[in-house]
1. If you place +1 on the Cβ of every Lys and Arg and -1 on the Cβ of every Asp and Glu, how big does the dipole about the Cα centre of region 8-99 come out, in debye to the nearest 20?
2. At a probe size of 1.4 Å, how large is the accessible area of K86, to the nearest 10 Å²?
3. Rounded to two decimals, what is Rg over Rh for region 41-108 when you use alpha-carbon atoms and the Kirkwood radius?
4. Answer with one residue from L85, A35, G107: the one whose Cα lies farthest towards the positive end of the charge dipole of the chain, charges on Cβ with Lys, Arg +1 and Asp, Glu -1.
5. Let me know the Kirkwood hydrodynamic radius for the chain, please, with Cα pairs as the basis and the value in Å to one decimal.
6. Over region 1-69, how many percent of alpha carbon pairs lie in each 10 Å bin up to the one with the longest distance?
7. Let me have the relative contact order for the chain, percent, based on Cα pairs under 8 Å that are six or more residues apart.
8. Identify the residues of region 21-45 with backbone N under 16 Å of a label point that sits 7 angstrom from the Cα of S100 along the Cα-to-Cβ direction, or state none.
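The values are calculated or read from the model by the stated rules, or taken from the named source; none is laboratory data. Fair warning: this is a prediction, and the values are worked out from it, not measured in the lab. All Cβ positions, glycine included, derive from the backbone under ideal geometry; neighbour counts span all protein chains shown. For the accessible areas, the whole protein counts, side chains as well, though only heavy atoms, and no ligand, DNA or RNA atoms are used. Shrake-Rupley method; radii C 1.70, N 1.55, O 1.52, S 1.80 Å.
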Amino acid sequence: QVQLVESGGALVQPGGSLRLSCAASGRIVNIDPMAWYRQAPGKQRDLVAAFTYDGTTNYADSVLGRFTISRDITKNTVALQMNSLKPDDTGVYYCNRAPSLPLLSWGQGTQVTVSS
């Protein structure tokens, strides 16, 4: 059973930046396209950014141009660089497979709070 561990969340002011990281216990990063999801308070979990099988990336409209998903196959990790953060970016961030694939068990997520 692959385990996903997210880290890097914090309290940050609007306009600030954060870099989230996801470590997978199994070697899936170099096999399956991975993605980041966000669950805002009181809302469902939504897709934020994802890789496709051909290595291209997709982003939610709300984060396009501000967030960048990346991966390190040698370290089996996936990262999310978040710039120009807004209060609406607040939520718990999770990594998992891209939504076109069966999802793995969710990790604990990492809390991002954007507030002044």
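1. So the dipole magnitude of region 8-99 works out to roughly 200 debye.
2. Accessible area of K86: about 100 Å².
3. 0.94
4. Of the options given, the answer is G107.
5. Evaluated on the chain, it is 14.0 Å.
6. Per 10 Å bin, starting at zero, the Cα-Cα P(r) for region 1-69 comes out as 16, 48, 31, 5 percent.
7. Reported relative contact order: 37 percent.
8. Answer for region 21-45: 30-36.
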